[in-house]
Amino acid sequence: MSKAYDVLVMGGGPAGLAAATKAAELGLRPLIIEARDRLGGVPLQCIHPGFGIHYFREDLTGPEFVHRFISKAEELGIPTLLNAHVLRAEYVSPARKVLEVITPEGTRVVEAPTLIYAVGARERNRYEIGIGGPNPAGVMTAGEAQTLMDIYGVLPGKRVLIVGSGDVGLIMARRFALEGAEVVGVVEILPYPSGLPRNVQQCLLDYGIPLYLRHAVVSIKEEGGRVSAAVVAEVGEDLRPLPGTEEVMGCDTVIIATGLVPRASTIKRMGAAIDSRTGGPYVNEWLETSLPGVFVAGNALIINDYVDYAVEQGELAAESARAYIEGGYSLPTAGEKRVRLGRNVRLAIPQYVSGLRDALFYGRVSFPEDSVILRIKGAPYKLPLIKAVPAVMFRARVRAEVLREVAEPVLEVVPRA
Amino acid sequence: MRRRVVVIGAGIVGVSVARWLTRFEGLEVVVVDKEPDVGWGVTKANTSIIHPCHEEDPDRWPVRARLCVRGHRLWYDWVRELDIPSRWPGEVIVARTEEELGRISKYVDVARRLGVPGVRFVDREELIEVEPAVNPDNVGGLLARTAGLISPMKAAIAIAENAAANGARFLLGARVRDIIVEGGAVRGVVTDRGVLEADVVVNAAGVWADEVAEMAGVRDYRIRPRRGQYAVFSDKVGPKPRLILHTAPTPKTKGVYAVTTVDGNLMVGPTAEDLPDDAREAREVTGEGIDFVLEQAAKILKSLPPRRRIIRTFAGIRPEPTGGDFIIRFHEEPWGFVEAAGIRSPGLTAAPAIGEEVARLVREALGGLVERDDWVAVREGIPHPATMARQERDALIRAVPEYGRIICACRKVSEGEVIEAVERARALGAGLTLDGIKFRVGAMYGDCQGSQCRAHIAYLIWRRYGVPPWELMLNREGSRYALAPIKALLRGGRDE
């Protein structure tokens, strides 16, 4: 493949599709590299609504949502490599990024001056959250269960315990209930649910599914090769199980829905610095990583609450790629300032700002707090947050001049005066 | 006249015995195991080390010591002939105190007596120099440069495939119910899949060896189950010690190890927990067990990755025989009953030599056995396009495009490899299981532990072999991956 590209887009999910379509609209020549046999990514398996409320102002299902982008990519004639796995990603120079891709047609080596990394996230597995016991069949992540149910038409279990009350866990609880399965409960280690309040209502309360807060699955029991029960215990302030509180809950399936981690290994091997709080690369307000001309968007950057945010990041990355190319393989710069995390901010992107363009901040608080404001210390910027909870990401657009004036920006959440 | 040997147990010992026995003309070799695949007992869960053998006191455990040394040497050839992944980094027993250093000095003497090369002390300075990952609080250690690491499951599979290529048959998923003894000699083995006549029966039944011996009327030893728990970290995090490191052995174990596996993961373990007699399949991981191995590993390594980077925990059961030494013998009463029992550590190291020893015993007893001239020593592994040179990879993909479809992103395993694993398992007579695929090609073995690829692999199997996910086993009988087609419950479970 000797065609010239301006931007290589790794990942054909929402962020990658948004990046590629926006890039094409801006006159760039993108190439999408997608590992699966079709475009769309994770929303293809999300048959529930809740997609596109911000972006399209419509309530769509996952497949409907991504279909709009897939159609657009087709209309724009964006070239795509499917079943394409990136074996090696190399940052050669500010002007050159090279990918070695394995495909059913053989090895392809493609290159471009810019790369948008949008490979999404993966789920934490049972071992990463410390669930011991034997290793029987019937323990799987929510995404795996969703793939089985809504891509392949397979029912993973009939008596199901869900671990984790984030949106994914809540939605899977309802999904199993709709199948006629018995959902014995949703177990959450924190004292409050991790998902959106509307999902707690619509997925659990409406179906009479019990929610066990301050509880954790400590072990699994096996019978005849399959899960027969989960051992659930209360946890203390330190989130460690309290001895003597163990209870055995019968089930044939344990669904792990305890959150996502950005898939950062390829970009890390490329040389990008990774933020241990977000799990994704450090970026500036252009969503450029520590490697010039390498941008990142979607859940590979930060775990987003809404697909709409992933799309927004993809489009921003495309705009940045164009600015980078137009700037002669350089973005306008005035020196990057590190954004420090202040009071009640657990994580946020971008980690660096130059003050030459408006910045979109996304982040999460550390603990729930009512009537607070998100602000940049010492700068004339405030965003009131009525109810700040870790489960709900904050998103704040801060104008360039505000950022330009602050010498050492600190992002913080403080009680309303 | 054809004669038949039935080997009970398809672990690393049983398959090694089978490989040796296939060298002889006129000998029919059948390996039986209750599990649907090879290597699913003791072989599956251990530290994966080819020991230098300097810890095997020849006065106390003469058989162990002798076969360890011989087995170690045989592995050099076997890993090459059979395409078994291995590394030979050497090992260090680290010592926290001068007193501990004194205690391990006896191994220098053992090494000298057994002829183990490359065993000597290293002081703190040299230790840090040869192993930057070591905890600098250690005062020094005992280096044994010949230690190696293999993948025990890939080894068992490779040996079994080679034995099968040389004519051995595998009867898997068949539990042995009895051994037929008539006129003072073994005559056959009763399994729940039929009776196998036999002139010689080899007991390589791992944790169940004493029960199998009892079927032949042999009751002079017991096997006690001892559990070992392990934790495996993501291949993305270190430290990854270059050498095999472990704490000073205790009477129960070789200490706790910290190793970088052949797949590139930091692995720590094991515990050594004596379990009750009826807990021979109790492969449970406990919070305390993992706490213990992490605590010990912290003494070995300069740092440990955070606990949340553990991608898998598992436990294995090791067979601890009465007396502590391997039990390898040909019985005159009943004649034809051969034992390779009590194969605890260093059983993996010794396995090829145990096979050789058993083959020698069988040959002496049967008499007149001639070595074949058409015996094939070589077996090739399943190709892994991700690590091939580009030209070679592209030639493979041109021939079989499925090798160009990566299905497991963590381990970069292609559909072609998965299909080849299924084909080879079938050819061996093994059940079609997800674990069987995992152990053959490493899919579902990476950071996500299959959450991103298992459903797609199950679908590939469904499409290609007609086995739907609700009939596909993770491993043992009953371990169904899924339970029904979608909507089954809404239809009253009719289509299950």
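The values are calculated or read from the model by the stated rules, or taken from the named source; none is laboratory data. Predicted, not measured: the structure shown is a model, and the values here were computed from it. Note: ideal-geometry Cβ built from the backbone for every residue, glycine included; neighbour counts use all protein chains shown. The protein model used for the area step is the full one, side chains on, heavy atoms only, and it has no ligands, DNA or RNA in it. Shrake-Rupley method; radii C 1.70, N 1.55, O 1.52, S 1.80 Å.
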*asked:* Quick test of your reading: applying the under-4.7 Å Cβ rule, which cysteines of the protein assembly as shown are isolated?
replied: A:Cys46, A:Cys203, A:Cys251, B:Cys410, B:Cys448
*Put a dot 7 Å past each Cα toward the Cβ at B:Arg2 and A:Asp238; how far apart are the dots in nm?*
6.6 nm
*asked:* Are there any residues in the stretch B:401-445 with a reduction of at least 50 Å² in accessible surface when going from the isolated chain to the assembly of protein chains? Probe 1.4 Å, please list them by number.
replied: B:Arg405, B:Ile406, B:Lys412
*asked:* Rounding to the nearest 10 and keeping the result within 0 to 90°, find how far the Cα-based axis of helix A:62-75 lies from the longest principal axis of chain A.
replied: 20 degrees
*Quick one: pull the percentage of alpha-carbon pairs in chain A with a separation above 40 Å.*
20 percent
*Antiparallel %, DSSP beta bridges [both residues in chain B], to 5*: 70 percent
*Using the Cβ atoms and a cut-off under 11 Å, what net charge is assigned to the surroundings of A:Glu105, where Lys and Arg are +1 and Asp and Glu are -1?*
+2
*If amide H atoms are built 1.01 Å from N in the plane of the peptide, which residues on other chains or at least 5 residues away come under 5 Å of the amide H of B:Val202?*
B:Val6, B:Val7, B:Ile8, B:Val338
*Taking B:Lys106 as the anchor, which lysines have their alpha carbon closer than 27 Å to its alpha carbon, excluding any fewer than eight residues away along the same chain?*
B:Lys252, B:Lys254, B:Lys299, B:Lys302
*Three-way shape call for the stretch B:79-179 based on the alpha-carbon gyration tensor, with the a/c threshold at 1.5*: prolate
*How far, in nm, would the chain grow between A:Ser93 and A:Thr245 when pulled straight, counting 0.36 nm per residue and subtracting the alpha carbon separation?*
49.0 nm
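What relative contact order, as a whole-number percentage, does the stretch B:1-105 give when Cα pairs under 8 Å and 6 or more residues apart are counted?
Working: 79 pairs, mean separation 19.0, N = 105.
Reported as a whole number, the value is 18 percent.
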*For the protein assembly as shown, share of DSSP beta bridges that run antiparallel, in % to the nearest 5*: 70 percent
*Just report the Cα centroid separation between the stretch B:381-410 and the stretch B:196-237, whole Å.*
37 Å
*What shape does the stretch B:344-398 have by the C-alpha gyration tensor, where a ≥ b ≥ c are the square roots of the eigenvalues, rounded means a/c under 1.5, and otherwise prolate means a/b greater than b/c and oblate the rest?*
oblate
*Can you give me the relative contact order of chain A as a percent, contacts being Cα pairs under 8 Å and 6 or more apart?*
15 percent
*Antiparallel DSSP beta bridges within chain A, as percent of all bridges there, nearest 5*: 65 percent
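Estimate for me the total accessible surface buried between chains B and A (protein heavy atoms, probe 1.4 Å, no ligands or nucleic acids), in Å² to the nearest 100.
In total, this chain pair buries about 4400 Å².
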*Mark the label point 7 Å from the Cα of B:Arg307 along Cα→Cβ and return the residues of the stretch A:142-179 whose backbone N is within less than 20 Å of it.*
A:163-165
*the protein assembly as shown: D in µm²/s via Stokes-Einstein (Kirkwood Rh, Cα pairs, 4 °C, 1.567 mPa s)?*
44 µm²/s
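In square nanometres and to one decimal, what's the mean projected area of the convex hull around the Cα atoms of the stretch A:1-55?
Details: hull surface 18.8 nm².
Quarter of the Cα hull surface area: 4.7 nm².
What does the charge count near A:Arg269 come to, summing +1 for each Lys or Arg and -1 for each Asp or Glu among other residues with Cβ under 14 Å from its Cβ? It would help to have the intermediate numbers written out before the result.
On the way: positive: A:Arg88, A:Lys97, A:Arg263, A:Lys268, B:Lys236, B:Lys412; negative: A:Glu90, A:Glu100, B:Asp235, B:Asp447.
Summing Lys and Arg as +1 and Asp and Glu as -1 gives +2.
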_What lysines does A:Lys72 reach when the alpha-carbon gap must be under 30 Å and sequence neighbours fewer than 8 apart in one chain are set aside?_
A:Lys3, A:Lys22, A:Lys97
*Quick one: which bits of the stretch A:92-111 get at least 30 Å² less accessible when the partner protein chains are in, versus the chain alone, with a 1.4 Å probe?*
A:Ile102, A:Pro104, A:Thr107
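Dividing the convex hull volume of the alpha carbon atoms of the stretch A:95-225 by its residue count, what do you get in Å³ per residue? Mind showing how you got there, number by number?
Numbers: hull volume 23.4 nm³, N = 131.
Expressed per residue, the convex hull around the Cα atoms of the stretch A:95-225 is 178 Å³.
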*If you take the beta carbon distance between B:Val370 and B:Val190 as r and set R0 to 25 Å, what does 1/(1 + (r/R0)^6) give as a FRET efficiency, to the nearest 0.05?*
0.20
*Compute the separation of the alpha-carbon centres of the stretch A:140-157 and the stretch A:358-383 and state it in Å as a whole number.*
38 Å
_Compute the distance from the alpha-carbon center of the stretch B:74-130 to that of the stretch B:442-496, in whole Å._
44 Å
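Give me the Å³ per residue figure for the convex hull around the C-alpha atoms of the stretch A:332-417.
Working: hull volume 6.5 nm³, N = 86.
Convex hull of Cα atoms, per residue: 75 Å³.
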*asked:* Explain nothing, just the number: relative contact order of the stretch A:332-417, from Cα pairs under 8 Å at least 6 residues apart, as a whole percent.
replied: 37 percent
*For the stretch A:332-417, what is the accessible area per residue in Å² when the probe is 1.4 Å?*
48 Å²
*So, how do all the Cα-to-Cα distances of the stretch A:181-248 break down into 10 Å bins, in percent, from 0 on up?*
20, 42, 32, 5
*How many nm is it between the label spots at A:Ser71 and A:Ser371, if each spot is 7 Å from the Cα in line with the beta carbon?*
4.7 nm
*Sort A:Asp59, A:Asp6 from largest to smallest accessible area, using a 1.4 Å probe on the heavy atoms of the protein chains.*
A:Asp59, A:Asp6
*Give the accessible area for B:Arg329 in Å² (nearest 10); use a 1.4 Å probe, count only protein heavy atoms, and leave out ligands, DNA and RNA.*
60 Å²
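So how do A:Tyr329, A:Tyr352, A:Tyr309, A:Tyr152 rank on accessible area, 1.4 Å probe, biggest first, that is with the largest at the start?
Working: A:Tyr329 95, A:Tyr352 70, A:Tyr309 25, A:Tyr152 45 Å².
Ranked from most to least accessible, the order is A:Tyr329, A:Tyr352, A:Tyr152, A:Tyr309.
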*Give, as a single signed number, the net charge of other residues whose beta carbon lies under 12 Å from the beta carbon of A:Pro193, with Lys and Arg counted +1 and Asp and Glu -1.*
0
*With each label point set 7 Å from Cα along the Cα-Cβ vector, what nm distance links B:Glu25 and B:Val108?*
5.3 nm
*For a paramagnetic label modelled at 7 Å from the Cα of B:Leu294 toward its Cβ, which residues of the stretch A:120-143 fall within the zone defined by backbone nitrogen distances under 18 Å?*
A:124-134
*Tell me which aspartates and glutamates have Cα within less than 14 Å of B:Lys438's Cα, excluding those fewer than 8 residues away on the same chain?*
B:Asp37, B:Asp263, B:Glu415, B:Glu417, B:Glu420, B:Glu423, B:Asp447
*Cβ-placed point charges (K, R +1; D, E -1), dipole of the stretch A:332-417 about Cα centre in debye, nearest 20*: 100 debye
*Could you tell me what percent of the accessible area of the protein assembly as shown is made up of carbon and sulfur, with a 1.4 Å probe and every protein chain present?*
50 percent
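What size of dipole, in debye to the nearest 20, comes out for the stretch B:183-320 about its Cα centre when the only charges are +1 on Lys and Arg C-beta atoms and -1 on Asp and Glu C-beta atoms? Show your work: numbers first, answer last.
Values: 21 positive and 19 negative charges, 203 e Å.
My answer is approximately 980 debye.
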